[in-house]
1. Using only the heavy atoms of the protein chains and a 1.4 Å probe, how would Lys79, Lys42, Lys61 rank by accessible area, largest first?
2. Considering the options His158, Ile54, Leu99, tell which one lies farthest towards the positive end of the dipole of the chain, charges being +1 on Lys and Arg and -1 on Asp and Glu at the Cβ, about the Cα centre.
3. Before I look further, what does the chain give for accessible area per residue, probe 1.4 Å, in whole square angstrom?
4. Just one of [x] 32.7, 124; [y] 15.4, 50; [z] 17.5, 62 is Rg and Dmax of the Cα atoms in Å calculated from these coordinates, so which is it?
5. Tell me, what ³J(HN,Hα) does each residue in segment 140-149 have, in order and in whole Hz, if you take phi through Karplus 6.51 cos²θ - 1.76 cosθ + 1.60 with θ = phi - 60° and put x for Gly and Pro?
6. In debye to the nearest 20, how big a dipole does the chain give about its Cα centre with +1 on each Lys and Arg Cβ and -1 on each Asp and Glu Cβ?
7. In debye, nearest 20, what is the charge dipole magnitude of segment 46-138 about its Cα centre with +1 on Lys and Arg Cβ and -1 on Asp and Glu Cβ, if you could check?
8. Relative contact order of the chain, please, whole-number percent, based on alpha carbon pairs below 8 angstrom and at least 6 residues apart.
Amino acid sequence: VFRAFWMCGVIYVCLGCSLEISFASFCFFAHYFLEIQRQSIKLIGALFFALNPIFLGNISKVGLIFAAAMLPFCLVLLKLAFARQRLHYLLLYVVCLNLSLIHPFTFSVNLLVSGIYLVYLVRSHQSFVLRSLRKLGLIIGLGLLLIVAFILLLVSRHAISTE
């Protein structure tokens with residue numbers, strides 16, 4: 001039966017993975033960004049985030065759900081980069097933004113929201129930014145190159161959603 005409906009099984013795996021990624025995304029967000037200490041509250045919040053009516057109503061759009069799940073990761077990585085003064089979190093932030101390129105509208109929302117938060121963090125950590133100006137320039141350049149490469153890859157495979 002599974003061989004006859006193999007594609008259906010793959011679709012269910014993709015749907016399950018996107019919901020699991022949404023769940024994990026909110027768990028990290030609750031722990032590192034909201035700084036919630038109780039494990040039960042983090043898990044219930046993540047469950048509500050992953051199984052909310054908006055996600056479940058658009059469950060067939062795996063790219064949309066996956067891209068939306070990248071926003072909490074982006075915010076957490078930005079906060080950790082400036083709180084711990086480690087620039088490698090910014091590289092992971094760029095990777096999360098690239099992953100949200102699967103759905104262009106959600107990418108633009110993720111970029112706008114995380115960009116506003118990034119400007120806020122840069123203004124409040126000016127000494128760290130001035131000390132790391134060269135490295136930040138390299139990360140910005142690398143980030144732009146990664147975004148261009150990812151866009152070209154998606155366009156060449158006709159994988160960018162236009163809905």
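1. Lys61, Lys79, Lys42
2. After comparing all options, I get Leu99.
3. 63
4. Only one listed value fits the structure, namely [z].
5. Once rounded to whole Hz, the list reads 5, x, 5, x, 5, 5, 5, 5, 4, 4.
6. So the magnitude is around 500 debye.
7. For this selection, approximately 420 debye.
8. 21
The values are calculated or read from the model by the stated rules, or taken from the named source; none is laboratory data. Model, not experiment: these values are computed from the prediction. For neighbour counting, all protein chains shown are included, and Cβ atoms are generated from backbone atoms with ideal geometry for every residue, glycine included. These accessible areas exclude ligands, DNA and RNA; they are computed on the full protein's heavy atoms, side chains included. Shrake-Rupley method; radii C 1.70, N 1.55, O 1.52, S 1.80 Å.
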